[in-house]
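The values are calculated or read from the model by the stated rules, or taken from the named source; none is laboratory data. All of these numbers come straight from a predicted model, not from anything done at the bench. Cβ atoms come from the backbone with ideal geometry, glycine included; neighbour counts cover every protein chain shown.
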């Protein structure tokens with residue numbers, strides 16, 4: 001059974017998971033004796049990313065998505081504008097709903113320095129709620145990626161490798 005606080009306090013949970021993710025990435029890099037790291041936060045979400053992490057000359061624009069382990073979520077909506085950012089990528093985190101422990105992770109992106117793979121041919125997303133006529137209108141700047149579009153990564157070190165080749 002899903003803890004109702006996850007939906008009642010979803011904004012808080014989202015921020016906690018974001019901070020946990022950033023902390024895990026920084027910890028992984030620290031353990032690899034890497035100190036040339038910067039973390040930048042998006043003030044506004046119009047660019048399609050949540051956080052920017054720079055490490056060793058690579059800059060990653062990262063869109064974070066999350067769902068609890070065992071959730072039936074089978075797709076995510078991604079902004080086309082993320083494809084305009086250098087080295088844009090999407091990381092879909094799963095987490096334990098009791099402990100908030102992260103993992104596994106699902107990766108969608110290119111190699112460091114490469115753009116986000118083209119998603120313009122993916123299904124155009126629709127609003128979750130209908131308009132006054134009950135019609136769910138298209139959201140032309142969003143595309144739907146299925147879980148099959150992502151690569152499953154088990155541990156944070158695999159995520160760090162995908163992000164920075166380290």
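Computed quantities for the displayed model
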| read-out | value |
| --- | --- |
| Members of region 132-150 that are surrounded by fewer than 15 Cβ atoms within 10 Å (Cβ to Cβ) and in contact with a helix residue (DSSP H, G or I) (Cβ under 8 Å, 6 or more places away or on another chain) | 141 |
| Wholly enclosed strands (runs of 3 or more DSSP E) of region 1-98 bearing at least 2 residues free of Cβ contacts under 8 Å to residues at least 60 places away in the same chain and under 13 Å from the mean Cα position of the chain (by Cα) | 51-55, 58-68, 88-95 |
| Residue within region 122-131 that is assigned to a strand (DSSP E or B), touching a residue at least 12 places away in the same chain (Cβ under 8 Å) and either exposed (fewer than 15 other Cβ atoms within 10 Å of the Cβ) or at positive phi (or both) present | yes |
| Given (1) part of a strand (DSSP E or B); (2) touching a strand residue (DSSP E or B) at 6+ places or on another chain (Cβ under 6 Å), index of the condition residue 103 fails | (2) |
| Qualifying residues in region 37-66 (those that are out of contact with any helix residue (DSSP H, G or I) (no Cβ under 8 Å at 6 or more places or on another chain) and modelled with pLDDT of 95 or more) - the one surrounded by the most Cβ atoms within 10 Å (Cβ to Cβ) | 65 |
| Of all residues in region 132-158 being assigned to a loop (DSSP other than H, G, I, E, B) and at pLDDT 90 or above, the one that is farthest from residue 31 (Cα to Cα) | 150 |
| Meets criteria (in contact with a strand residue (DSSP E or B) (Cβ under 9 Å, 6 or more places away or on another chain), surrounded by fewer than 15 Cβ atoms within 10 Å (Cβ to Cβ) and in contact (Cβ under 8 Å) with a residue 24 or more places away in the chain) for residue 165 | yes |
